[in-house]
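Please read the structure below before turning to the comments.
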There are 2 protein chains.
Amino acid sequence: MNDSWLNKVNWTQDGLVPAIAQESGSGRVLMVAWMNREALGKTAQTGEAHYWSRSRRKLWHKGEESGHVQKVKSIRLDCDEDVILLEIEQLGGIACHTGRHSCFFKRLEGAKWVEVDPVLKDPDAIYHK
Amino acid sequence: MNDSWLNKVNWTQDGLVPAIAQESGSGRVLMVAWMNREALGKTAQTGEAHYWSRSRRKLWHKGEESGHVQKVKSIRLDCDEDVILLEIEQLGGIACHTGRHSCFFKRLEGAKWVEVDPVLKDPDAIYHK
């Protein structure tokens, strides 16, 4: 398989690149996570978002536990070639591990961060702890 | 001034946080850049996006040379508190130093990155080199 396109990415010293997942249609930015070469390759190959979990130090097929898979419609790269932008369809409508639609649920109001988006599903019910 | 909200951010070891600039209305993701504490503080205080230029190692008031200032409508923080999302109005309609609307102008098609968005203005005309 021709994967020379992966060489075009400016990987960090740790071999990673940040990836933004943006919801198709709504345009909502749902999350940002990291990818290594394998994760980006699998994302392109399978059409489902794969990331590198820095905390667990392993490849992470988004939704593997929760079912909240991200179907990838397009993959973009920025001018500096060091950030990936995914256009995705978010299965289950929940991207955040807190059970919210988007990870960006805190908004600055005056000098305070306020949680402005609701929890759609209890994380315990999502992850079957 | 009360800036304890800045302590809530999970700064990197270098004292930085990545910030996504998303256009209000269109929802287009225009760019990603880094902020230090001063840049985020000034962004909130002035209502115009400020970043930390890693290459020039200085505070960067976006648009200071080009006039392509970003008016900030909201500032969000993600669940891990390590990514900022700005909702902005892009003056001049150009965020990218290449003269394009968005920095994310390369799209993966098959095994190739293809430039899919037009240059709106010659960078030489933007920066008066």
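The values are calculated or read from the model by the stated rules, or taken from the named source; none is laboratory data. Only a predicted model underlies this, so the values are computations on that prediction, with no experimental measurement involved. With ideal geometry, Cβ positions are generated from the backbone for all residues, glycine too; neighbour counts draw on all protein chains shown.
General remarks:
- Scope the range B:60-107; condition under 23 Å from B:Asp122 (Cβ atoms) and of a type in the set (Lys, Arg); matching residues: B:Lys62, B:Arg100, B:Lys106, B:Arg107
- Filter result (more than 9 Å from every other protein chain (Cβ to nearest Cβ), touching a helix residue (DSSP H, G or I) at 6+ places or on another chain (Cβ under 9 Å) and either of a type in the set (Ser, Thr, Tyr) or surrounded by fewer than 21 Cβ atoms within 10 Å (Cβ to Cβ) (or both)) within the range B:73-100: B:Gly92, B:Gly99
- Qualifying positions in the range B:15-43 - touching a helix residue (DSSP H, G or I) at 6+ places or on another chain (Cβ under 8 Å) and closer than 15 Å to B:Lys71 by Cα: B:Ala19, B:Leu40, B:Gly41
- Residue check for A:Leu40: of a type in the set (A, V, I, L, M, F, W, C) and out of contact with any strand residue (DSSP E or B) (no Cβ under 6 Å at 6 or more places or on another chain): yes
- Flag for B:His68 being touching a residue at least 12 places away in the same chain (Cβ under 8 Å), surrounded by fewer than 18 Cβ atoms within 10 Å (Cβ to Cβ) and more than 13 Å from chain A (Cβ to nearest Cβ): no
- When B:Leu30 is tested against the conditions (1) modelled with pLDDT of 95 or more; (2) within 11 Å of chain A (Cβ to nearest Cβ); (3) surrounded by fewer than 19 Cβ atoms within 10 Å (Cβ to Cβ), the lone failure is (3).
- Some residue of the range A:108-122 being small (Gly, Ala, Ser) and within 15 Å of the chain's Cα centre (by Cα): no
- The combined condition, being surrounded by 22 or more Cβ atoms within 10 Å (Cβ to Cβ) and either at pLDDT below 95 or not in a loop (DSSP other than H, G, I, E, B) (or both), is not fulfilled by B:Leu108.
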